[in-house]
Amino acid sequence: MKFYITTPIYYANGIPHIGHSYTTIAADIMARWKRLNNFDVYFLTGTDEHGSKIAEAAKAKGKKPQELCDEMSAKFREAWKLLDISNDDFIRTTEQRHFIAVENIVQTLFDKGLIFKKKYEGMYCIGCERFFAKKDLDENGCCPFHKTKPILQSEENYFFKLSSFQDALLERITDVNHKEHIDIQPEERRNEIVGKLKLGLEDVSFSRSAIEWGIPLPFDKSQTAYVWVDALINYITAVGYPSDETKFKKYWSADIHLMAKDILWFHSVIWPAVLMGAQLPLPKTIYSHGFFTLNGSKMSKSLGNVISPQELVENYGVDAARYLTVTLIPFGHDGDISWQGLTLKYNMDLANNLGNLISRTLKMAEKNFNLKIPQAVLNLELAKNVERNLKETFASNMDNLQLHKAAENLQDAITLVNIQIETDAPWKLAKTDKDKLAVCIYSYLQAIDIIAMYLLSFMPSLAEKIWQITGAPGNINDVAKKYFTNGIIPKEGFSVSGADLQIPGILFPRIL
Ligand code: MSP
């Protein structure tokens, strides 16, 4: 089975921040989870490089647009490398492969009579790269997202007959039995889209005559494709449209388009309409996670309140940065984040719970058994108990993109082992019953191995490290793939008696 997941392609007018990281880490966690479940995964991210926003940013910096895009796109790639993102492809809309796809789609729609020319005057927000109807502006006549006054623009453009797709879209979004059903999640967001759709759709501008920094229309080179049309098409370019039919057939359509609510309308209305117009299959799930503020305000470079991926990694390390970013607010809901909140969660979940479990277990093994897994009767009860706690709930939370809940399941499993340690009181057994102590430590190690496999998608390098520390054999990814596909703990467990253990060092130093 294949699984195609995408993030938005981020504007190349600035550097990546925690907002972009949020979506990208979440998509990465899903991609890793699906790979562990034996899916043939295609995970796409990239940069959006055309349009007035980029052209203006370049001008302000005294650079050519392409030069700025090259620099910024490289920054996104670096950030994703730093955060251990396992994307299969990174698309840039200035690539040749993308020009070909955009020209092809635009020409197809034109040939089908879905594109026509019209004089238009409207209020354009460069931040959003879209026109606004007066009724959609806030009480000050400003863009509701950017709080800036849109500019009045008047030009002759090509328009797309979006209005003719209203019924078809409503049907596909609301009828779960439709063979081309588009599942918009979460439900509240779907309801908003449906409500807006029911009010009627207006045809949308599909090209710009004044913006040179874009892809010229194949049938009228004096106009460039509207940046949103250009951008959305990236999702099919990357999987081979139109030249690699085999790849395209294999991976399209998208199983999940992931993003925040700011751009849900484009993905759930304009994009499916374009695809329908071109007679291509529709995305299956469009998931809008929450939008978060930082200390109560919108993150903005000018306010100086952005958190960069680099800062996150400097403060917490890569694995913790990934874990904290995606679990701080309930996935799918808006929320507020802060450094204090991140640190609090770090100390609670990682230093006190997970870190403590690993370090106390290994310290006991060092002190009493010379850092070797003791020869002892194998007792997998605790491991099985951990598994019972995790198995179904974790998988269903992951598959429903409830990442914060899956992380809670993990914490509960870790707590369960920590409680068992308190109950066993191995520090007393060390004085009274060395054989029982050996059985206990052996059982903690088995339970930790199970936990490590479930941690893999969230904290890949840490999980690998835990696997080594506990003397478990083979590559954790291979073992976990087998485990998640047939769901059986081997009879002899994972780590075996006599194997060498390692001192972990302090995995998560407490932060004051
Ligand atoms: N270029 C368009 C997307 C085109 S996709 C065909 C764009 N780019 S963007 O750089 O502005 O990225 C917006 C996305 O970044 C959001 O939808 C979300 O995925 C992520 N986020 C940016 N800031 C965020 C928050 N403060 N909170 C949550 N997600 C955030 O729009």
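The values are calculated or read from the model by the stated rules, or taken from the named source; none is laboratory data. Since the structure is predicted, the reported quantities are computational estimates derived from the model, not experimental observations. With ideal geometry, Cβ positions are generated from the backbone for all residues, glycine too; neighbour counts draw on all protein chains shown. SASA here: full protein model, heavy atoms, side chains in, ligands and nucleic acids out. Shrake-Rupley method; radii C 1.70, N 1.55, O 1.52, S 1.80 Å.
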The relative contact order of the chain, taking Cα pairs under 8 Å that sit 6 or more residues apart, comes to a percentage of 16
Mean Kyte hydropathy of -1.0 or more with a Cα span along the axis of at least 30 Å, helices from DSSP in the chain: 403-424, 434-455
Total formal charge among the other residues, if their Cβ is under 15 angstrom from that of Lys465, Lys/Arg +1 and Asp/Glu -1: -4
CD proxy, 222 nm, the chain: helix-only mean residue ellipticity via -39,500 (n - 2.57) per DSSP H run with n ≥ 4, per residue, nearest 500, stands at -14500 deg cm²/dmol
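Of all beta bridges DSSP finds with both residues in the chain, what is the antiparallel percent, to the nearest 5? Let's see the in-between values first.
On the way: 21 of 46 bridges.
Of the beta bridges lying entirely in the chain, close to 45 percent run antiparallel.
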Over all pairs of distinct alpha carbons, what does the Kirkwood formula give as the hydrodynamic radius of the chain, in Å? 24.9
Net charge contributed by nearby residues that have their C-beta within less than 14 Å of Lys250 (K/R +1, D/E -1): -3
With an 8 Å cut-off on Cα pairs and a minimum separation of 6 or more residues, tell me the relative contact order of region 168-250 in percent. 15
Can you give the log10 of the normalised intensity I(q)/I(0) at q = 0.15, 0.24 Å⁻¹, computed with Debye over equal Cα scatterers of region 1-58? -0.52, -0.90
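Between beta-carbons, use under 13 Å as the cut-off and find the net charge around Lys434, counting Lys and Arg +1, Asp and Glu -1.
Working: positive: Lys367, Lys428, Lys431, Lys436; negative: Asp433, Asp435.
Within the 13 Å Cβ shell, the charges total +2.
Classify region 374-468: rounded, prolate or oblate, from the alpha-carbon gyration tensor (a ≥ b ≥ c, eigenvalue square roots; a/c under 1.5 rounded; otherwise prolate if a/b is larger than b/c)? Intermediate results must be reported in sequence, preceding the final value.
Details: a/c = 2.60, a/b = 2.10, b/c = 1.24.
Here region 374-468 falls in the prolate category.
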Within region 294-334, which trypsin sites (Lys or Arg not before Pro) sit in a loop by DSSP and count at most 15 neighbouring Cβ atoms inside 10 Å? Lys298, Lys301
The answer for trypsin sites (Lys or Arg not before Pro) in region 120-169 that fall in a DSSP coil and have at most 15 neighbouring Cβ atoms within 10 Å is Lys147
Three-way shape label, region 252-312, alpha-carbon gyration tensor, a/c 1.5: prolate
Which whole-Hz ³J(HN,Hα) couplings does region 133-150 yield from phi under the Karplus relation 6.51 cos²θ - 1.76 cosθ + 1.60, θ = phi - 60°, glycine and proline marked x? 6, 3, 5, 8, 7, 7, 5, 8, x, 9, 4, x, 8, 9, 6, 10, 7, x
Calculated from backbone phi, Karplus (6.51, -1.76, 1.60) coupling profile of region 277-288 in Hz, x at Gly/Pro: x, 8, 6, 10, x, 9, x, 8, 10, 10, 10, 9
Heavy atoms of Trp33: accessible area, 1.4 Å probe, square angstrom to 10: 10
Cα shape, region 1-111, gyration tensor, a/c 1.5 rule: oblate
Interchain or sequence-distant (5+) residues whose placed amide H lies within less than 5 Å of the amide H of Asp48 are Tyr10, Tyr11, Ala12
Amide H contacts under 5 Å for Val204, restricted to residues at least 5 apart in sequence or on another chain and with H modeled in the peptide plane, are Phe160, Leu162, Ser163
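How large, in Å, is region 64-178 by the Kirkwood hydrodynamic radius built from its alpha-carbon pairs?
On the way: mean 1/r = 0.0547 Å⁻¹.
18.3 Å is the Kirkwood radius here.
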Taking amide hydrogens as modeled 1.01 Å from N in the peptide plane, which residues meet the under 5 Å criterion relative to Phe292, leaving out close sequence neighbours? Gly335
Phi to ³J(HN,Hα) by Karplus 6.51 cos²θ - 1.76 cosθ + 1.60 over region 336-349, Hz, x for Gly, Pro: 10, 10, 7, 4, 4, x, 4, 5, 4, 5, 4, 5, 6, 7
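In percent, how large is the relative contact order of region 1-145, given Cα pairs closer than 8 Å and 6 or more residues apart? Numbers along the way, then the final one.
Numbers: 167 pairs, mean separation 35.1, N = 145.
Relative contact order for region 1-145 comes out at 24 percent.
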Roughly how many debye, to the nearest 20, is the charge dipole of the chain about its Cα centre, given +1 on each Lys and Arg Cβ, -1 on each Asp and Glu Cβ, and no other charges? 440
